[in-house]
Amino acid sequence: MSLAVAAPALAAQPASKAADPAQQAAYKDFGKFSVDGHEAFADIRLARLAIFNGNTKNAKDEINAAVAALSRARTDDLVYINAEADLKPPAGISQAATNNTRPSTTAVKWLPIDSAMTLGEDYVATPAKAATVAKANAQLKAGDHARAIDTLKLAAINVSFDVEVAPLNKSIAGVEKAETLATANQYFQANQTLKDVQDGIRFHVQEMTGVPPSGHTNKVASADPADQISKPAPKTN
């Protein structure tokens, strides 16, 4: 994960209201995703590519790997329960556009499988803020997700996380069905089943408003002289 500064891939979101309790419980750590879930969907992509190239042995191996990864993800503490209709897609994206049906109002288990972080639309670049973003990027690349979030909060920098989520039980059922089809050498059907699993991916935007710790202000967080507007010296008699 890295922080997009200029021309983010997904539209930046406006500053959010306080997250409701259910949303806070769902995202105990902003933007985190399941490593096993991420791996499973990478395996699914590789399995479909192998089928396309006629490499059936590799296809079976990748499908088996996806089954194993999603099985491990059953107990992932990032899994949460929500209705598809309550997910918040990025601006301009309709969840229902992928299957031409209305989003379900039935609560199911969702597995975060990937995420991207972008700066809020109210972000104004200054030397101090640019340095803060660079520091947060370095922390993200080092795997120190919590510290990167703290770095941005301290500087009162608003960000949004565009999280990809997959319905856990439906995805598991899909890859297990594909495994059965591949074992029976029905690769066309297995490929279609894997595509259906991929089509089940949805998006959810989680916004974080940077709030400096008590006693700090935006000026303190951006105390670099180059970040301040120069003012004339007060007149003296």
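In table form, for the structure just shown:
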{"item": "The stretch 143-197, accessible area per residue, ligands and nucleic acids excluded (1.4 Å, Å²)", "result": "43 Å²"}
{"item": "Portion, in percent, of the accessible area of the stretch 97-160 that falls on carbon or sulfur, probe 1.4 Å", "result": "53 percent"}
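The values are calculated or read from the model by the stated rules, or taken from the named source; none is laboratory data. The model shown is predicted, which means the values in this text are computed figures rather than measured ones. The area values use the complete protein model at the heavy-atom level, side chains included, leaving out ligands, DNA and RNA. Shrake-Rupley method; radii C 1.70, N 1.55, O 1.52, S 1.80 Å.
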